[in-house]
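Nothing in this text is a laboratory measurement; each read-out follows from the coordinates by a stated rule. Note that the coordinates shown come from a computational prediction; the quantities given were computed from them, not determined experimentally. Note: ideal-geometry Cβ built from the backbone for every residue, glycine included; neighbour counts use all protein chains shown.
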Amino acid sequence: MKEIILNKLIEKLGDSQIEFSEFRNDLSILLKKEHLLDAALLLRNDEELKFDMCKDVTAIDWEKRKNRFTIIYHVYSFKNKFELRLKVNIDEADLAIASLSGIWKSAEWYERETFDMYGIRFISHPDLRRVYMPEEFEYYPLRKDFPLLGIPGSLPLPK
Amino acid sequence: MGLEAALTKDGFITTTIDALIAWARKSSVWPMPMGISCCAIEMIAAADPKYDISRFGSEVMRFSPRQSDLMIVAGTVTYKMAHVVRRIYDQMPDPKWVIAMGACTSTGGMYRSYSVVQGIDQFLPVDIYTAGCPPRPENLLNALMAIQEKISKTKARDFQNKARSGAGKI
């Protein structure tokens, strides 16, 4: 299965455009930002692969690394009973990435959550609002430079 | 015990209005079960036949704040939820009391985090804090008894001009 996925992706995106790694028999694929939509479309639409479910979208804040954030999509194929992780590195200067909510509907709220917690903007997302934090909140709590107990006074209490 | 004996003997008793009203109040404290998370399960257990909160006259859990005297805040209160809790509290008629049930409501508990209020006394006048994570039903009953103790020391005129500011004396 892994070879099939990798071969199809290389065939579509070109050689040396993807990196991959394995951990405990799980495959992760590191994509370039501009290839994410193409790769996602291929994975979902290909009759053999059929990755028909997006299980989670999240991000990692590396704080001091050059490309500060990694965005991770967990996708699953019911046909092959196979889970795959798609990763994309993005830089703080340009915190935007194509939304996959048009490909996997379930990604919509996961992307909202990622936006809420990390401040990453998903281009052409239908409804990019905060999920957990109040709408008027100004910070992104899961970033490494956000203090554990929050910014005093940023969340109002009654009275 | 004392009351029945007195009534069967002479058919009347002498007391003060304050004592009578306080006795009536403390014997039917209707709780508003503000069950927000896991503490609510222990609060429900306190109402079951084994622990039986009705022994203390508090079995009437009112899901309307307008009919209740005691708010049992059972669970983690986030900053977002704090506004809801306060709003429900404000709808309860005076006199009213508050139990902060468990570590989360008392201090934030294990949720030392940006999203959780580190103690509901930041926005509510708490009368009794209950330790435990979650507290056992006995512990909640103990808190209820402490509330009754507190009520029995009140005077009717304490509540005349409303404005019961903060947690009063016990």
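Treating only the Cβ of Lys, Arg, Asp and Glu as charged (+1, +1, -1, -1), what charge dipole size does the stretch A:59-152 show about its Cα centre? Round to the nearest 20 debye.
Dipole of the stretch A:59-152, to the nearest 20 debye: 520 debye.
Only four residue types carry charge here, +1 at the Cβ of Lys and Arg and -1 at the Cβ of Asp and Glu. Report the dipole size of the stretch A:2-123 about the Cα centre in Debye, rounded to the nearest 20.
Charge dipole, the stretch A:2-123, about its Cα centre: 140 debye, nearest 20.
What average number of partner chain Cβ atoms lie no more than 10 Å from the Cβ of the residues making up B:141-152?
The shielding value for this peptide is 0.
To the nearest whole number, what is the average tally of beta carbon atoms from other chains within 10 Å of the beta carbons of peptide A:149-159?
5
Give a quick list of trypsin sites (Lys or Arg not before Pro) in the stretch B:16-105 that DSSP marks as loop, anything other than H, G, I, E or B, with at most 14 other Cβ atoms within 10 Å.
B:LYS50
Structure shown: which of B:LYS26/B:LYS155; A:LYS32/A:LYS81; A:LYS159/B:LYS26 lie over 19 Å apart, alpha-carbon to alpha-carbon?
A:LYS32/A:LYS81; A:LYS159/B:LYS26
Placing +1 on the Cβ of each Lys and Arg and -1 on the Cβ of each Asp and Glu in the protein assembly as shown, which of A:THR70, B:GLN148, A:LEU49 has its Cα farthest towards the positive end of the resulting dipole?
The Cα lying farthest towards the positive end belongs to B:GLN148.
Helix A:2-13 versus the longest principal axis of chain A: what angle, 0 to 90°, nearest 10, using Cα atoms?
So the inclination is approximately 80 degrees.
By how many degrees, between 0 and 90 and to the nearest 10, does the Cα long axis of helix B:17-26 differ from the longest principal axis of chain B?
50
Can you give the Rg/Rh ratio of the protein assembly as shown, where Rg is from the C-alpha atoms and Rh is the Kirkwood radius?
My calculation of the ratio gives 1.19.
Can you give me the Kirkwood hydrodynamic radius for the stretch B:28-170, using every pair of distinct Cα atoms, in Å to one decimal?
Its Kirkwood hydrodynamic radius stands at 15.0 Å.
Pairs of lysines 8 or more apart, or on different chains, with alpha carbons under 29 Å: count those in the stretch B:30-153, would you?
Counting lysine pairs in the stretch B:30-153 gives 5.
Could you give the size of the charge dipole of chain B about its Cα centre, using +1 on the Cβ of each K and R and -1 on the Cβ of each D and E, expressed in debye and rounded to the nearest 20?
460
How far apart, in nm, are two points set 7 Å out from the Cα along the Cα-to-Cβ line at B:ILE17 and at A:GLU22?
Using points 7 Å along Cα→Cβ, the separation is 8.6 nm.
Hey, if you put +1 on the Cβ of every Lys and Arg and -1 on every Asp and Glu Cβ in the stretch B:30-153, which of B:LEU70, B:TYR129, B:MET34 ends up farthest toward the positive end of that dipole?
With unit charges placed on the Cβ atoms, the residue in question is B:MET34.
Using only the alpha-carbon atoms, how far is helix A:36-45 inclined from the longest principal axis of chain A? Give it as 0 to 90 degrees, nearest 10.
Computed tilt is about 50 degrees.
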